[in-house]
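What follows is a short report on a single structure.
The values are calculated or read from the model by the stated rules, or taken from the named source; none is laboratory data. Being a predicted model, the structure only gives us computed values, none of them experimental. Here the Cβ positions follow ideal geometry from the backbone for every residue, glycine too, while neighbour counts run over all protein chains shown. Only protein heavy atoms, including side chains, enter the accessible area calculation; ligands, DNA and RNA are left aside. Shrake-Rupley method; radii C 1.70, N 1.55, O 1.52, S 1.80 Å.
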Amino acid sequence: QVQLAESGGGLVQAGGSLRLSCAASGRTLSANVMGWFRQAPGKEREFVAAVRWSGSIVYYADSVKGRFSISRDNAKKTVHLQMNSLKPEDTAVYYCAAKATILKDTALDLYDYWGQGTQVTVSS
C-alpha cells in the first residue's frame, strides 16, 4: 500500500500562484508514476499532470501547459505541482495519485492510490 497526503491548497486571486505538495509513505517503490488530478463541483475528475520515477518524463493537460509544472523528489518521497497564472477555472479539489504501471499516465482509472485531496480556490 501507498499512502498519499496532499498539502498546499488555499485561496488565491486570479493570476497568482500556489504550490501543492504530496508526501508518499508505505510501499513507495510501487509509485513509479505520480500524478495530479482535479475535480471541480459538478464535474468529473480530470487529469492535470503526471511524472515518472526518473522525473524526466512528464505529461500535462492542455489546459495547464505552460502554467503548471510537476516535479518529484524521490529521496524525500514527494511530488510537487507548481501552479502559476491561476485562473478561476482552476478552482477544484486537487488529488495526488500514484501507480506502478508505466502506461497511459493520463488515465485516471489506472491509478492505484489516491490522497484525500486539497482545495484550490481561485477568485476573479
Ignoring ligands, DNA and RNA, what accessible area per residue does the chain give at 1.4 Å, in Å²?
52
Three semi-axes of the equivalent ellipsoid, segment 1-107, Cα gyration tensor, whole Å, largest first:
22, 14, 13
Point-to-point label distance, Asp62-Glu89, nm (Cα→Cβ direction, 7 Å offset)
1.1
Spatially proximal lysines relative to Lys76 (Cα-Cα < 26 Å; intrachain offsets below 8 disregarded):
Lys65, Lys99, Lys104
If you bin the C-alpha pair distances of segment 8-63 every 5 Å from 0, what whole percents do you get?
4, 14, 18, 26, 21, 10, 6, 1
Net charge near Gly35 (other residues with Cβ under 14 Å of its Cβ; Lys, Arg +1; Asp, Glu -1) is +1
What percentage of the solvent-accessible surface of segment 17-103, computed with a 1.4 Å probe over protein heavy atoms, is contributed by carbon and sulfur atoms?
52
Whole-number percent relative contact order across the chain, with pairs defined as alpha carbons under 8 Å at least 6 apart
36
